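Below is one structure, written out as structure tokens, with a few remarks after it.
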Amino acid sequence: MHSKRHTLSRRIARHWQLYVFLLLPLIYLLIFHYYPMTGVQIAFKKYSARLGIWGSPWVGLKNIQKFFNSVRFTTIVGNTLRLSLYSLIAGFPLPVIFALMLGVMRNERYKKVVQTITYMPHFISVVVLVSMILQMFNPILGIYGKAYSALFGTAAPDLLGSPAALPHIYVWSGIWQSFGWDSIIYVAALAAVSPELHEAAQIDGASRFQRVLHVDLPAILPTATIMLILRTGKVMSIGFEKIFLLQNDLNLTTSEVISTYVYKVSLKASVPDFSYSTAIDLFNSVINLFLICTVNFISGRISETSLW
Amino acid sequence: MIASVKHRKGGERISNRDRLFYLLINLFVGLLTLMVLYPLIYIVSSSFSSPAAVSAGKVTLWPVDFSLRGYQAVFEYKSVFIGYRNTIFYTVVGTLINVAMTMLAAYALARKTLPGRGFFTFLFTFTMMFNGGLIPNYILMKDLHIINTVWAILLPGAISAYNLVVTRTFIQNTIPDDLLEAAQIDGCSDTQFFFQFVLPLSKAVMAVITLYYAVTHWNAYFKAFIYLNDRNLYPLQIYLREILIMNSMDTESIMDPDQMEAMQGMADLLKYSLIVVSTAPILCIYPFLQRYFIKGVMIGSLKG
Amino acid sequence: MKKMLLTLVLVLCLSLTAGALCEERVHLTVGIAEMPQVIDFETNRMTQLLEEEGNLDLDFVTYVGSEMIEKLNVEILAGGENLPDVIMFGSGHRPTNSAVYNWALNDAIIPLTQYVYDPEASKNLNASLETANLDVDLLKMITMPDGEIYYLPGYYSAMQNEYRTKNWIYQPWLDTLGLEAPTDAESLYTVLKAFKEQDPNGNGKADEIPLMSFAGTGSDLVMRSLLSMFCDVGNAEFYAVKDGQVYASFITEEFREGLRYVKKLVDEGLLSPLTFTQDEAQWKALVSQEPTIIGMGIHPSMATRLPATDERRDDYVGIPPFAQADGTVITPITPTNAYPAFVVTRNCKNPEAAYRLGDLMCSERFTVMNRWGEEGIDWIRPGDDAVCLYADMGFKPYLQETGTISWGSPQNQNWYNNGAALRGFSVANGLCWNGNPLDSEYLISKIMPAYYGHGPAEYLTTLIYTEEENDLIAEPDATIDSYRSQAMAQFVTGSLDLDKDWDTYLRELNNDGLEDVLTVMQAAYDRNK
């Protein structure tokens, strides 16, 4: 009605400066993200460089169907989800807990050293990480092999040849590599907690542990929730290189994921079927979108925190 | 339950229970740190060992057959310095652009009363999941005539939706509404509020996104290799990659023994030296940013 | 008088050079991978000579080597306006036939057929073909399904590369245990068993690993060598040819018997299952252990796996390929492939000149230079006392390196095997010995006579598919290849049972589309004949 519209346009007018702030970022967004996004239509076309994106002929759902009909479809999607969700759920708590622990530490020097050391694995390249894993888990020469033989007397089983063990190796090596780096944002969030809150709690007789639970944790919970929501938006986008390097003939049943499968097919075809890979990416994106919206919605209901 | 007060230390009371807690925390943290530390030492030690030792897997903790061959191979390749120069440029300028754009957008989107806030946020986060793919992006760069220029590196990715959300969350949760109200009553405009209050109070999150963006720029490889042709513009990672390839022994080609001995194991050794070479500079940034994570950033803001 | 004559000669020379410089040289841009092994293409010696003889002026556009093909694909798919006139490839970074065909279909490159069959334009190419005296029809091999030729090949025949599945055994252990080198399945079993149980390295520990390799290329060679005792293993994906019929070797009963044998070896600890999971670095660490713990290896060359000064290099002696139960030997071969090495893009305004460059590179002179450098400077014609490594097989000494440049290190004499090239066996197999008994080439040459000529009578060379065929079988082909490789490893390590699971294996392969793949392969094979 008249008054409602009046209020809305008033509100917009009042915030005009904020819209100016948004102007440049929005222009960037439109040019560099939304304009190329129109290229997604290639998923429904048969792309020819000669005809270009807009001129190539439509083929409808053929490319997506081709993907759904791939013989290994259920296996690769299943493996992708298993590795991704496992990484997400297992990897999420540790950076938060670690940040809380860092917040408790009183020796500043010790704390700085610890922080610097723990965030360094983030910089190790995937190639080196995997070769270190392979080395460590070698049943004859690796630490794992030697410890096992020493403890049990028999030769150690080859964990990297075991489809059952592979997800664990993949996930926990990832957690090892990233927990320090991932905790940085939480440490920053903790730094902004007002000391007055802590003082108040202390006056009330709370132990340090209780303060962690009742002051620190609630302070970073909104940040943590947002991080979790953001992560679900990447579930289908498992990286290629690490899993590719960890794959071998014996663990392939759990290590073949969408990206490695598509790579092998494109290698055989040795002609980039651009429409096909776009279709698969689209499939991944839609799943990601669905998941993130769901989690965001749930989070919005349970807590006050949500993305949009 | 009342904890027994053991002693006073400059105004702070440390109970027995708290002492135990601190001890446990320190132990646990120490354990985690050691688990991280050992492989790191291994990498540094390997980088200072001889190629043969690394290849044979002889390195366990300390360097074996101490040698600087790994580093020699890197710095002999003069282009590495061009790479360093370019990467520093991309990192500094790029991060400045990133942080500026991100702060602008995050501030606007953090205002709960902004009409269309949810819509705009969705617009940004949507791009995290959907993108046109390599070819459409390449065509865009071509149409903008920025292929083979520094802008092809600096402009795409100017705002990371992920970092934007992080920043918005931070601003939203740590700048209290009371502060805004008080400022508005005093006649402060949105722009003034941004520069006088939000920026100084957001040092912690600015430090975080600076770090995130800087590291992304530092490690960037793909954008450069797709969009650039001029070797003078190549960042460090491309040259490092070339060094690694150059030293990878092609076992199917015929080689003479002296050269073979010199090159054997170089690829294995270089993997480690390259990590140290490419990471060491970035490791220096963190301590500078760390001081922004100090507690008490908010003190004084609510007074008066 | 003398002075006047001298001045006259000088003036003459000066005017001639001035004249030469004034002559219009055709300008071409050449796209090539940047590699540290080539210091500077612009000032490279081979560039200078090519420019002189071809009357060209070359400018280089370099790509980051490792991902050159990917970048080209992107540029071409996005329209290809910035491509250089000519693009050259080397063995380290090259497109497949299908990729090149796709570029042709996208109008990025032009057909070279008219130049290839023009005797004047291809005089060097034809001369090289005659000297090389190849078994295969090279021009046929590089013709695309639409009948056109779109590239000039890089074709480097070397016997060593065709016979890669070579068996090497640790001779000191054979001596210690008083055994003869194994020749077939039974004797191999006996020897490996002895290695395992009789402690040949004498340290009192049962730490010997009779046979072991690493995942990927290593395990492939092991399987191929062992299975060749039971069937014709065919090409890299185990497709073979018999009486003109393409078939899948990996579904035959003989293949299954072979797997049974390999399983027996694994079960009894004679072949380490780590072969299927560890990487080369791990394996190298084990091979370098003192005292020796690995008894046998199956590689193109064992010596290159050990450090250059390790004396055990020649202790791993090459032995002939294993024979089947009835004595026949079908050793696996990898026929030399012609890969695309030189294409001309549609941006080139002077294709004749571009082709001239390619033709020059195919001449014997430049092909040899591209690998060994300039005659008289980097290599010399061998003297009478030179020992040709393959003299016993009828090869004449061809060249002897002088040591000014070394393969793999930065140099500026040649383009490091990038670009068009053509040579037959006579070149690489005419190498002369540098006198080092630990030299890997020397060690290979000692055993080569036992392998050469003992491959299968019929075999598959590279197949070129039409676009429709490609669309049809790319995915099934990849799936089958991956599944077969997986199943092989699982059968021999026991995760799958050779009796109970064999039918499931066959059924799965059929479901994956094996029929279609074989049909298409047959069609492509027939086209090439």
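Each residue in region B:118-142 was checked for being more than 7 Å from chain A (Cβ to nearest Cβ) and either touching a Ser or Thr at 6+ places or on another chain (Cβ under 8 Å) or closer than 20 Å to A:Leu22 by Cβ (or both), and 2 pass. State which residue is surrounded by the most Cβ atoms within 10 Å (Cβ to Cβ) when the search covers only region C:48-63 and only residues that are touching a residue at least 12 places away in the same chain (Cβ under 8 Å) and over 27 Å from B:Tyr227 (Cα atoms). Going through the qualifying residues, I end up with C:Leu50. Residues considered: A:Ile133, A:Ile140. Of these, the only one that is touching a helix residue (DSSP H, G or I) at 6+ places or on another chain (Cβ under 6 Å), within 11 Å of chain C (Cβ to nearest Cβ) and surrounded by 21 or more Cβ atoms within 10 Å (Cβ to Cβ) is A:Ile133. Annotation note: of C:Gly244, C:Gly295, C:Gly258, the sole residue that is within 30 Å of B:Ala53 (Cα to Cα) and touching a residue at least 24 places away in the same chain (Cβ under 8 Å) is C:Gly295. Considered as a group, the residues in region C:250-275 that are among the aliphatic types (A, V, I, L, M) and under 28 Å from the mean Cα position of the chain (by Cα) include one that is surrounded by the most Cβ atoms within 10 Å (Cβ to Cβ), and that residue is C:Leu271.
Listed by first and then second residue, the pairs linking a residue in region C:85-101 that is at pLDDT below 90 to a residue that is among the hydroxyl-bearing types (Ser, Thr, Tyr) and part of a strand (DSSP E or B), with Cβ atoms under 6 Å apart and 6 or more places separating them unless they lie on different chains, are C:Arg94/C:Tyr339.
Among the conditions (1) over 25 Å from C:Tyr451 (Cβ atoms); (2) touching a His at 6+ places or on another chain (Cβ under 9 Å), C:Thr331 misses just one, which is (1). Among the residues of region C:39-55, those identified as hydrophobic (A, V, I, L, M, F, W, C) and touching a helix residue (DSSP H, G or I) at 6+ places or on another chain (Cβ under 9 Å) are C:Phe41, C:Met46, C:Leu49, C:Leu50.
Residues in region C:252-274: is at least one of a type in the set (Val, Ile, Thr), at pLDDT below 90 and within 29 Å of A:Leu141 (Cβ to Cβ)?
no
Looking at region C:193-249, the strands (runs of 3 or more DSSP E) lying wholly inside it that each contain 2 or more residues that are surrounded by fewer than 24 Cβ atoms within 10 Å (Cβ to Cβ) sit at C:239-242, C:245-248. Has region C:180-200 got at least one residue that is over 27 Å from C:Pro456 (Cβ atoms) and hydrophobic (A, V, I, L, M, F, W, C)? Yes, region C:180-200 contains at least one residue that is over 27 Å from C:Pro456 (Cβ atoms) and hydrophobic (A, V, I, L, M, F, W, C). Is region A:152-159 home to any residue that is free of Cβ contacts under 8 Å to residues at least 12 places away in the same chain, out of contact with any helix residue (DSSP H, G or I) (no Cβ under 8 Å at 6 or more places or on another chain), among the small types (Gly, Ala, Ser) and within 14 Å of chain C (Cβ to nearest Cβ)? Yes, region A:152-159 contains a residue that is free of Cβ contacts under 8 Å to residues at least 12 places away in the same chain, out of contact with any helix residue (DSSP H, G or I) (no Cβ under 8 Å at 6 or more places or on another chain), among the small types (Gly, Ala, Ser) and within 14 Å of chain C (Cβ to nearest Cβ). For region A:55-81, a residue qualifies if it is under 12 Å from A:Ile258 (Cβ atoms) and basic (Lys, Arg), and exactly one does: A:Arg72. Annotation: of all residues in region C:368-404 being more than 18 Å from C:Gly435 (Cβ to Cβ) and acidic (Asp, Glu), the one that is surrounded by the most Cβ atoms within 10 Å (Cβ to Cβ) is C:Asp378. Out of B:Tyr42, B:Tyr107, B:Tyr138, I need the residue that is closer than 30 Å to A:Val286 by Cβ and either among the hydroxyl-bearing types (Ser, Thr, Tyr) or in contact with a Cys (Cβ under 9 Å, 6 or more places away or on another chain) (or both). Which one? Of B:Tyr42, B:Tyr107, B:Tyr138, the one residue that is closer than 30 Å to A:Val286 by Cβ and either among the hydroxyl-bearing types (Ser, Thr, Tyr) or in contact with a Cys (Cβ under 9 Å, 6 or more places away or on another chain) (or both) is B:Tyr138. Among the helices (runs of 4 or more DSSP H) lying completely within region A:1-61, list those that include at least 1 residues that are free of Cβ contacts under 8 Å to residues at least 12 places away in the same chain and buried (at least 19 other Cβ atoms within 10 Å of the Cβ). Here the list reads A:16-29. Look at region B:64-87: where a residue is more than 14 Å from chain C (Cβ to nearest Cβ) and within 15 Å of C:Pro410 (Cα to Cα), no partner that is among the polar types (S, T, N, Q) and surrounded by fewer than 18 Cβ atoms within 10 Å (Cβ to Cβ) sits 6+ places away or on another chain with Cβ atoms under 7 Å. Of all residues in region A:277-290, those that are within 7 Å of chain B (Cβ to nearest Cβ) have Cβ atoms under 7 Å from Cβ atoms of residues that are in a helix (DSSP H, G or I) and of a type outside the set (Ser, Thr, Tyr), 6 or more apart or on another chain, in A:Thr278/A:Val40; A:Thr278/A:Ile42; A:Thr278/A:Ala43; A:Ser285/B:Met129; A:Asn288/B:Met129; A:Leu289/B:Met129.
Just one residue in the set C:Ala421, C:Ala457 is free of Cβ contacts under 8 Å to residues at least 60 places away in the same chain, on the phi < 0 side of the Ramachandran plot and more than 12 Å from chain A (Cβ to nearest Cβ); that residue is C:Ala457. Any idea which residue in region C:64-98 is nearest to the other protein chains (Cβ to nearest Cβ), counting only those that are under 14 Å from B:Leu228 (Cβ atoms) and buried (at least 22 other Cβ atoms within 10 Å of the Cβ)? Among them, the one singled out is C:Val64. Tallying residues that are touching a residue at least 40 places away in the same chain (Cβ under 8 Å) and either within 11 Å of another protein chain (Cβ to nearest Cβ) or β-branched (Val, Ile, Thr) (or both) within region C:105-139 yields 7.
Taking the condition more than 11 Å from every other protein chain (Cβ to nearest Cβ) and either over 26 Å from the mean Cα position of the chain (by Cα) or at pLDDT below 90 (or both), does A:Gly60 pass?
The answer is yes for A:Gly60.
Of the helices (runs of 4 or more DSSP H) entirely within region A:169-240, those holding at least 3 residues that are crowded, with 18+ Cβ neighbours inside 10 Å and within 11 Å of another protein chain (Cβ to nearest Cβ) occupy A:217-232.
For (1) over 30 Å from C:Met393 (Cβ atoms); (2) surrounded by fewer than 16 Cβ atoms within 10 Å (Cβ to Cβ); (3) modelled with pLDDT of 95 or more, each residue gets a yes or a no:
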position	(1), (2), (3)
C:His454	no, no, no
C:Leu460	no, no, no
C:Asn470	yes, no, no
C:Ile473	yes, no, no
C:Asp477	yes, no, no
C:Ile480	yes, no, no
C:Lys500	yes, yes, no
C:Asp512	yes, no, no
C:Glu515	yes, yes, no
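Inside region C:424-450, residues that are more than 29 Å from C:Pro153 (Cα to Cα), within 11 Å of chain B (Cβ to nearest Cβ) and of a type outside the set (S, T, N, Q) make up a count of 4.
Output yes when any residue across region C:272-293 is out of contact with any strand residue (DSSP E or B) (no Cβ under 7 Å at 6 or more places or on another chain), closer than 24 Å to C:His93 by Cα and among the acidic types (Asp, Glu), and no when none is. The answer is yes, given that some residue of region C:272-293 is out of contact with any strand residue (DSSP E or B) (no Cβ under 7 Å at 6 or more places or on another chain), closer than 24 Å to C:His93 by Cα and among the acidic types (Asp, Glu).
Among the residues of region B:94-117, is any under 30 Å from C:Ala285 (Cβ atoms) and not in a helix (DSSP H, G or I)?
no
The values are calculated or read from the model by the stated rules, or taken from the named source; none is laboratory data. No experiment lies behind these values; they were computed from the predicted model shown. So basically every Cβ, Gly included, is an ideal-geometry build from the backbone, and we count neighbours across all protein chains shown.
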